[in-house]
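I have a structure I would like to understand better, so I am pasting it below and will then ask my questions one at a time.
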Amino acid sequence: MMFGAFERMIAARYLRSRRKEGFVSVIAGFSFIGIALGVATLIIVMAVMNGFRQDLFSRILGVNGHIDVTSLSRSITDYDDKVNRIKQIPGVTSVSPIILGQVMATANGYNSGALVRGVPGIDIFNKPWISDHIVEGSLSPVIDNKSIAIGTRMAAHFGIDAAKELTLISPNGNVTAFGTVPRTATYPVGAIFNVGMSDFDSSVIFMPLPMAQLYFKYPDSVTNLEIHVADPDRARMIAEQVKDIMGQGHRVLSWEQTNEAFFNALQVERNVMFLILTIIIIVAAFNIISGLIMLVKDKGSDIAILRTMGASSGMIMRIFFMTGASVGVIGTLLGFLLGLLVCENIDAIRRGIEKLLGSQLFSPEIYYLTQMPAQMQWSETLSVLAMAIGLSFLATLYPSWRAAKTDPVEALRYE
């Protein structure tokens, strides 16, 4: 569809507010604002959902690993040989023998439940999510099997810092003549980390494997094998090879299986939000229809004069098509720029709103992360822009066709 200079001039004139058609211009303005806000909101929400999923995904897998191996009995014995054999599988980047145990942690009169992760000291150093986020102390005494590492939220809860001590109480205690006595031990805190996940920073304790074996009484065994792979999408396939090595009596689960319900819930929420926010753009498109219909009715005499001067039906249709499409296209571009600006500064905006309102909008205890993430996917963003512009074009077709079919004689008769 080609647009001449004359059509563009008339369409631009109709877009300008004049006293006579002021109400029509108000409807066009609302349509413009509705599309801009709808596109911006859709881009922002989808970017936050993508960022939340990706950040949570990378942090969970960066700390927990892609494949988890447990024993159906109490522990995994002869784990050194199994670790060496699993490392030979193509695609496996690391294998860590670990001990997991629930304890009660106490210090300065405060108590809290915690999860102890007993891992080889050098493996803690090789975990970027831990080693690159040490905020106090050093991993050196942890690697040397002399101390433990805790998160910032746990340290703040107990009011302790690096070089202070933390007492751990295990429910699986020592059996005496008077019954089972909880096992108690006190360890110095060598390092304090902040991985940005409130769950980890508040409840996970990293302990050198030899200390964990001694404390939990696993002298020559471990409770789990934690496996990292180069390509997370191949984790399920590699897990099948791990099963063959481990043999009967072991359970091997990939990250898709252990976190399936959680990530499926995120995907469902993302899809529902997309559908709900698309309705905003559809409503704005209907505003374009109503505004153009009123404009066509208001400009009936103008259309008749143009037709009598030789303007074709196609020319009239193009004039009103450009009038409505301009609202949709400009509104979409403004919404894109607004969405891009907000996504680039989402966490600063969140902090500013929290400071202004004096309340917490993004609780780390609820959302797991300490910062609000936003990650725009250009393919998804372009799809949103194409949808908004497409709906705007569709919304102009009927009013434009109706304008083109206006009978000049009838229009002038009723003026």
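The values are calculated or read from the model by the stated rules, or taken from the named source; none is laboratory data. Note that this is a predicted model, so its numbers are computed, not measured. With ideal geometry, Cβ positions are generated from the backbone for all residues, glycine too; neighbour counts draw on all protein chains shown.
Which residues, taken from the stretch 144-161, are surrounded by 15 or more Cβ atoms within 10 Å (Cβ to Cβ) and among the basic types (Lys, Arg)?
Once the filter is applied, which keeps residues that are surrounded by 15 or more Cβ atoms within 10 Å (Cβ to Cβ) and among the basic types (Lys, Arg), the stretch 144-161 yields only ARG153.
Please work out if MET207 is in contact with a strand residue (DSSP E or B) (Cβ under 8 Å, 6 or more places away or on another chain) and outside the structural domain of MET372 (by TED's automatic domain parsing).
Answer is yes for this residue.
Looking at (1) modelled with pLDDT of 85 or more; (2) crowded, with 16+ Cβ neighbours inside 10 Å, which is the only condition LYS127 fails?
That leaves (1) as the condition not met.
Here's something else I'd like to know. In the stretch 333-358, what residues are outside any helix (DSSP H, G or I) and more than 20 Å from GLY51 (Cα to Cα)? Talk me through it step by step, then tell me what you get.
Let us first name the residues in the stretch 333-358 that are outside any helix (DSSP H, G or I), namely 345, 358.
Correct list: GLY358 only.
Return the pairs, sorted by first residue and then second, in which the second residue is outside any helix (DSSP H, G or I) and hydroxyl-bearing (Ser, Thr, Tyr), the first residue lies in the stretch 133-157 and is closer than 23 Å to PRO210 by Cα, the beta carbons are less than 6 Å apart, and the residues are 6+ apart or on different chains.
That search, which allows pairs on different chains as well, returns PRO141/SER147; ILE148/TYR187.
Pick from the stretch 222-237 the residues that are in contact (Cβ under 8 Å) with a residue 40 or more places away in the chain and charged (D, E, K, R): which of them is surrounded by the fewest Cβ atoms within 10 Å (Cβ to Cβ)? Before the answer, list the steps.
Taking the stretch 222-237 and keeping what is in contact (Cβ under 8 Å) with a residue 40 or more places away in the chain, we get 222-232, 234-235.
Subset that is charged (D, E, K, R): 226, 231, 234.
Details: GLU226: 21, ASP231: 11, ARG234: 14.
Only one residue tops the list, namely ASP231.
Take SER112 and tell me if it is of a type in the set (S, T, N, Q) and within 32 Å of the chain's Cα centre (by Cα).
Considered against the rule, which asks whether it is of a type in the set (S, T, N, Q) and within 32 Å of the chain's Cα centre (by Cα), SER112 comes out as yes.
Checking THR308 against (1) at pLDDT below 75; (2) buried (at least 17 other Cβ atoms within 10 Å of the Cβ), which test does it fail?
(2)
Output the residues belonging to the stretch 184-204 that are over 11 Å from THR152 (Cβ atoms) and β-branched (Val, Ile, Thr).
Within the stretch 184-204, THR184, THR186, VAL189, VAL204 meet the criteria.
Failed condition for VAL204, given (1) farther than 16 Å from ILE98 by Cβ; (2) in contact (Cβ under 8 Å) with a residue 24 or more places away in the chain, with all others met?
Of the numbered conditions (1) farther than 16 Å from ILE98 by Cβ; (2) in contact (Cβ under 8 Å) with a residue 24 or more places away in the chain, the odd one out for VAL204 is (1).
Based on what the data block shows, is ALA404 modelled with pLDDT of 75 or more and either surrounded by 15 or more Cβ atoms within 10 Å (Cβ to Cβ) or not acidic (Asp, Glu) (or both)? Steps first, please.
Values: modelled with pLDDT of 75 or more: no; either surrounded by 15 or more Cβ atoms within 10 Å (Cβ to Cβ) or not acidic (Asp, Glu) (or both): yes.
Answer is no for this residue.
Across the stretch 238-266, what is the number of residues that are within 19 Å of PHE57 (Cα to Cα) and free of Cβ contacts under 8 Å to residues at least 24 places away in the same chain?
Count: 7.
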